[in-house]
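Asker: Supplied in structure tokens, the structure appears directly below.
What follows is calculated from the coordinates using simple rules that are stated; it is not laboratory data. All values derive from a computational prediction rather than experimental measurement. Note that we place each Cβ from the backbone using ideal geometry, even for glycine, and neighbour counts take in every protein chain shown.
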Amino acid sequence: MAGSDACSKQADGNMMNIDISGVCADRFARVKDAFATNFVENGDVGASLAVVMGGELVIDLWGGFQDTERTIPWQRDTLINVFSTTKTMSCLSLLVLASRGMVDLDAPVEQYWPEFGQNGKGNVLIRHLLSHTAGIPAWDQRIEGTDLYDWHKVTSLLAEQATWWEPGWKSGYHGITQGNLVGEVVRRVDGRTVGRFFAEEIAAPTGADFHIGLAAEHDSRVALVIPVPPLQFGSGDGSVSPEPDSIPYRASNPRLRAEQSWELPWRRAEIPAAGGHGTARGVALAQAAVSHGGSLREVELLSPKSIDRIFDVQAAGRDLVLGIGVTFGVGYGLNSPRNPISPNVKVCYWGGWGGSLVVNDIDAGFTMAYVMNRMGEGAVGDDRAHTLLRAIYASLDKA
């Protein structure tokens, strides 16, 4: 594997001079080139990329800048808010509890969270929360983005309201609520908040630099997202539906602006659907047990049965909120003909608002993660990450 000096590369174009640093196995040279090209041709300002394969970091690259003025270099340990890529960490936390026999994925949510059964929600199952099929994609009561800092308030409101459709019928992207729903089950079962559970049971043992609720000691490492153009979290294309009674319009609650992630209260709060901060290396190490048979670095997180359960299709078709075809398993989106991201079958993934992405390829045995500061318009990722993913598969084909 090449070291930092051998892997160093400059990408010149459009008045940019980008240093690419890190390590990259020789067989993935084209991935390093694709990463550099993203800065020249696809608008990246600062980013990092990591691939874990065979239990090792075969790719660990970073480059660019933390700011639009290009005065602060992106460092090896630069953290960035990855928005919905955080969901994979929250869902993994609940799957770890299920793997330990502490949660039954087919049990009613009210079995672990009795107050949740209000308003006829006794038929909502744990797997519905993990697959965006619970019928609770947002709050009935209009809330503000700052209300997400009050865990008790937002979870209590979710417990009180009714579902918007029959649970399990279809998916409707639970853009923010999934984190609170899943996180509250983790808290009820384990006693720790989802952020603390993740930190102690997943991040620390695997060495993953990822945080659901960021301590002040890490503030100096945080880069701010760059929302170009100005973005608001609404329907699947980044806008709000003009029909006030439509599910996409109702689901854009709260209406978040990307700049809210710049605020210290956002960092400190546990917002387990959207508030996670990490490096690409941290994302990949936290998730790699999924692609490595359930264990990484001698830390067993998931049983083989639990990994198989991820691929139990819960919904396949046009998502009621995103408005695009998506296949959801238990905790992740799945590769499918309607939305292919891989030539392999057993692949689970999810991406974040603006462009971040994590992919677990069980067939090929790798986990890939990409994070960046300059946001694109996609609600759950964009083509910069997919360009890198295609280069990974091309490299594997040539091996």
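Asker: For region 289-399, I need the span (max minus min coordinate) of the C-alpha atoms along each principal axis, in Å, sorted largest to smallest.
Answerer: 38, 32, 26
Asker: Sticking with this one: Mind checking the angle between helix 280-291 and the chain's longest principal axis? C-alpha axes, 0 to 90 degrees, to the nearest 10.
Answerer: Orientation of helix 280-291: about 60 degrees from the principal axis.
Asker: If you don't mind, another one. Taking the number of other C-beta atoms within 10 Å as the exposure measure, put R281, R142, R70 in order starting with the fewest.
Answerer: Going from least to most buried by this count: R142, R70, R281.
Asker: If I fit a long axis through the Cα atoms of helix 383-398 and take the longest principal axis of the Cα atoms of the chain, what angle between them do I get, 0 to 90°, rounded to 10?
Answerer: 60 degrees
Asker: Quick one: M372, M89, fewest Cβ neighbours within 10 Å first, how do they rank?
Answerer: Details: M372 32, M89 27.
Listed from fewest to most nearby Cβ atoms, that is M89, M372.
Asker: Name the residue farthest towards the positive end of the dipole of region 290-375 from the options N373, P337, V299, assuming +1 on Cβ of Lys and Arg, -1 on Cβ of Asp and Glu, about the Cα centre.
Answerer: The Cα lying farthest towards the positive end belongs to N373.
Asker: How are the alpha carbon pair distances in region 70-137 distributed across 10 Å bins from zero to the largest one, expressed in percent?
Answerer: Cα pair-distance distribution for region 70-137, in percent: 18, 38, 22, 11, 9, 2.
Asker: Kirkwood Rh over Cα pairs of the chain into Stokes-Einstein at 4 °C, 1.567 mPa s: D in µm²/s?
Answerer: In µm²/s, the coefficient rounds to 62.
Asker: Also, I was wondering about something else. Output the Cα-based Rg and Dmax of region 153-214 in Å, rounding Rg to one decimal and Dmax to a whole number.
Answerer: 14.1, 40
Asker: For region 87-268, take N as its residue count and report Rg(C-alpha) divided by 2.2 N^0.38 Å.
Answerer: 1.05
Asker: Let me ask something else about it. Please arrange M368, M53, M102 by how many other C-beta atoms lie within 10 Å of their C-beta, fewest to most. Walk me through the intermediate numbers first.
Answerer: On the way: M368 30, M53 23, M102 13.
Ascending number of Cβ neighbours within 10 Å: M102, M53, M368.
Asker: On to the next question. Mind checking region 307-364 for trypsin sites (Lys or Arg not before Pro) that DSSP puts in a loop (not H, G, I, E or B) and that have at most 16 other Cβ atoms within 10 Å?
Answerer: Loop-located and lightly packed - R338.
Asker: Give me the distance in nm between label points sitting 7 Å out from Cα along the Cα-to-Cβ direction at V40 and V313, one decimal.
Answerer: 4.1 nm
Asker: Using alpha carbons only, how many degrees (0 to 90, rounded to 10) separate the axis of helix 177-190 from the longest principal axis of the chain?
Answerer: 80 degrees
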